[in-house]
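The values are calculated or read from the model by the stated rules, or taken from the named source; none is laboratory data. Keep in mind that this is a model prediction, so the values were computed, not measured. All Cβ positions, glycine included, derive from the backbone under ideal geometry; neighbour counts span all protein chains shown. Ligands, DNA and RNA are stripped out before the accessible areas are found, and what is left, the full protein with its side chains, is counted by its heavy atoms. Shrake-Rupley method; radii C 1.70, N 1.55, O 1.52, S 1.80 Å.
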Amino acid sequence: MNCSNINKIVKETIRSDIQLQSVYSISNADNKCIKLDAMESPYQLPDFVKKEIADIVFQTPINRYPGVMDNTIFELKSKIKENFNVPEGAEVIFGNGSDELINLIIQASCSPGDTIISPWPSFTYFNIAAKIHHASFIGVSLDKNLNLDLDSMLDAISKYSPKVVFLAIPNNPTGGLWSKNSIQTIVENAPGLVVLDEAYQPFTTHTWMPYVTQLDNVVVLRTLSKIGLAGLRVGYLSGRIQWLEQINKVRPPYNMNVLTISVLFTLLKYRSVIDAQTAKSLIERKLLACALSKLPGIHVFPSEGNFILFRFSGKKSANEIYNLLLNKKILIKNFSGMHPLLDNCLRVSVGTPEENLIFVNTLNEIIKFI
Ligand code: PMP
């Protein structure tokens, strides 16, 4: 077969807007790196849990589609509800990560030209997923202190009548937690669905989960990625059946694989192990924020997530510092140039005590040097 025409056929076949779109960027960390860029938990599971997982994987029939031979998905849903305080009367559906659920929500809600709104900067995938589904994305600028600008949000809602409003609470990458009153006002004014994305909820005290059955236009999105299970790819969406039965229609039939399901059952038996790791990260977040704020020329933004955003002032350039850290095999996330409000900002995930110490000491050395 003649392949010389491939570029032409691709160009004429793939949507032109997709050809222009850039892919969601994932950094290429090697395993010698201290990896503090993606808000993963830095902790491994203890060996006895890993061994039990190995046995479970051994017994899992991977020749079968998930949930064909038994009621596993149904049972897993009730375990998740029980473990994560999903209220009576609310349903859950699973996603291959909450990324997938963001896609499904937009796919089920938006026809070409419909609008999605989110405060901005926030999770970049809201924007990418909107575009994939031909929706317009309106990012409503945060104020200069990186707090929610409620008036601008309400103006945008009234102007664009969005099908879906995404609110990441706490917000990524800024770490802020929007006030209960602001969220309630947005919920009351939004004509369509409001998705409360609680990816970082384990690191804060507040949650909207108890209210999910009391509000007609709200669903709560969660992920297990930030509490040590990022590689497993499990997100869940919780809400009233009227919303979930519609969104479920666009879900690929077997989006949760049998290994993930089996492993998750096992892991949920060890909630105390997972919770202890989360508690360690909370202590470390405080220590890390404190250590960073003592370094000269750095402003630390308060964070309710498992990460910290900070800005350099004066002649220090975040780009330069990011690259110098990378040379020392420390990978964090560089937000310079991504949005004017994030000018000269870097974001670091909370690591283990050892990783955080190396990071702060290395940063200190770099700052002294430039
Ligand atoms: N929502 C927010 C706010 C996030 O920051 C992320 C990941 N960084 C996600 C959702 C997606 O998480 P996952 O797909 O791993 O569940």
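Mind checking the full-extension length gain between Lys315 and Ile132? Use 0.36 nm per residue of separation minus the Cα-Cα distance, one decimal, nm.
So the extension gain works out to 62.0 nm.
Just report the Cα centroid separation between region 1-75 and region 165-227, whole Å.
26
Using a Gaussian network model of the chain with C-alpha springs under 10 Å, which one of Ile14, Ile298, Ile308 is most mobile by mean-square fluctuation?
Ile14
Shape of the chain from its Cα gyration tensor (a ≥ b ≥ c, root eigenvalues): rounded if a/c is under 1.5, otherwise prolate when a/b > b/c, or oblate?
rounded
In the chain, which helices (entire DSSP H runs) extend 30 Å or more along their own long axis, judged by Cα positions, while averaging at least -0.5 on the Kyte-Doolittle scale?
271-293
Can you order the peptides 333-343, 163-173, 197-207 by their average number of other Cβ atoms within 10 Å per residue, highest first?
Result, highest mean Cβ count within 10 Å first: 163-173, 197-207, 333-343.
Given the rule -39500 (n - 2.57) for each run of at least 4 DSSP H residues, summed and divided by the residues of the chain, what is its mean residue ellipticity at 222 nm, to the nearest 500 deg cm²/dmol?
The helix-only estimate for the chain comes to -12000 deg cm²/dmol at 222 nm.
Leaving out ligands, DNA and RNA, what percent of the accessible area of region 186-227 is carbon and sulfur, probe 1.4 Å?
Result for region 186-227: 45 percent of the exposed heavy-atom area is carbon or sulfur.
Would you calculate the convex hull of the Cα atoms in region 221-282 and tell me its volume per residue in Å³?
Dividing the Cα hull volume of region 221-282 by its residue count gives 102 Å³.
Round to a whole number: what % of the accessible area of region 259-370 belongs to carbon and sulfur, probe 1.4 Å?
Here it works out to 59 percent.
Based on the Cα gyration tensor of region 42-192, what are the three equivalent ellipsoid semi-axes, each the root of five times an eigenvalue, rounded to whole Å and given largest first?
The equivalent ellipsoid of region 42-192 has semi-axes of 36, 19, 16 Å.
What does the highest-first list of 231-240, 268-277 look like by mean Cβ count within 10 Å?
Highest-to-lowest ranking by the protection proxy: 231-240, 268-277.
Using a 1.4 angstrom probe on heavy atoms only, work out the carbon and sulfur share of the accessible area of region 51-169 in %.
49
Assign unit charges at the C-beta atoms only (+1 for Lys and Arg, -1 for Asp and Glu), then state the dipole size of region 102-248 relative to its Cα centre in Debye, rounded to the nearest 20.
Around 360 debye, computed over region 102-248.
With a 1.4 Å probe and every protein chain left in place, work out the accessible area per residue of the chain in Å², rounded to a whole number.
Accessible area per residue: 50 Å².
Run through the DSSP bridge list for the chain and note the antiparallel percent, rounded to the nearest 5.
Roughly 50 percent of the beta bridges in the chain run antiparallel, per DSSP.
Please give every one of the lysines within straight-line cross-link reach of Lys144, meaning a C-alpha to C-alpha distance under 21 Å, and leave out same-chain neighbours fewer than 8 residues apart.
Lys180, Lys315, Lys316, Lys333
I'd like to compare 250-260, 220-230, 70-80: which one has the highest average count of other Cβ atoms within 10 Å, and what's the full order after that?
Top to bottom by mean Cβ count within 10 Å: 220-230, 250-260, 70-80.
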